[in-house]
Amino acid sequence: MDACGVRGKTVVPTRLYRFHCTDGYDLVADLRGRRIPTVALVRLHAERVALDLMSRAAGTDWSAWYVEVYDERGHAVLAKAFAEVRCERRAGAIRGGRPWR
């Protein structure tokens, strides 16, 4: 049995992260957040948030926008420019590699 008394189940601790998108003037706030177990998955989710927002308003200039990730205490965890997300996604698709390292 593990710490929770459940046999065969691995408990992965998760932390709450919020994924806010901004260009310094406008803000798309993540009021609910998401529980994610690893920093690598936080990075992947941040990329998905940026790509999702860009796909919802395709004609918008996203060049100044960032996705900023904060932990449950309000500490900044990472920031990623939308332009970098788009470029890395394209480069990863072309090379067959992964966009996040």
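The values are calculated or read from the model by the stated rules, or taken from the named source; none is laboratory data. As the structure is a prediction and not an experimental result, all values here were calculated from the model. Please note: Cβ atoms are built from the backbone with ideal geometry, for glycine as well, and neighbour counts cover all protein chains shown.
Observations on the model:
- When restricted to residues that are in a loop (DSSP other than H, G, I, E, B) and touching a Phe, Trp or Tyr at 6+ places or on another chain (Cβ under 7 Å), region 52-70 contains 2.
- Within region 3-30, being in contact with a Lys or Arg (Cβ under 8 Å, 6 or more places away or on another chain), at pLDDT below 95 and part of a loop (DSSP other than H, G, I, E, B) holds for one residue alone: Thr14.
- Restricting attention to region 52-77, the residues that are of a type in the set (A, V, I, L, M, F, W, C) and surrounded by 15 or more Cβ atoms within 10 Å (Cβ to Cβ) total 7.
- Scanning region 19-64 for residues that are among the charged types (D, E, K, R) and under 14 Å from the mean Cα position of the chain (by Cα) yields Asp30, Arg32, Arg34, Arg35, Arg43, Glu47, Arg48, Asp52.
- Residues in region 32-49 include none that are touching a strand residue (DSSP E or B) at 6+ places or on another chain (Cβ under 8 Å), surrounded by fewer than 17 Cβ atoms within 10 Å (Cβ to Cβ), in contact (Cβ under 8 Å) with a residue 24 or more places away in the chain and of a type in the set (D, E, K, R).
- Scanning region 13-31 for residues that are surrounded by 14 or more Cβ atoms within 10 Å (Cβ to Cβ) and more than 19 Å from Glu84 (Cα to Cα) yields Arg15, Tyr17, Arg18, Asp30.
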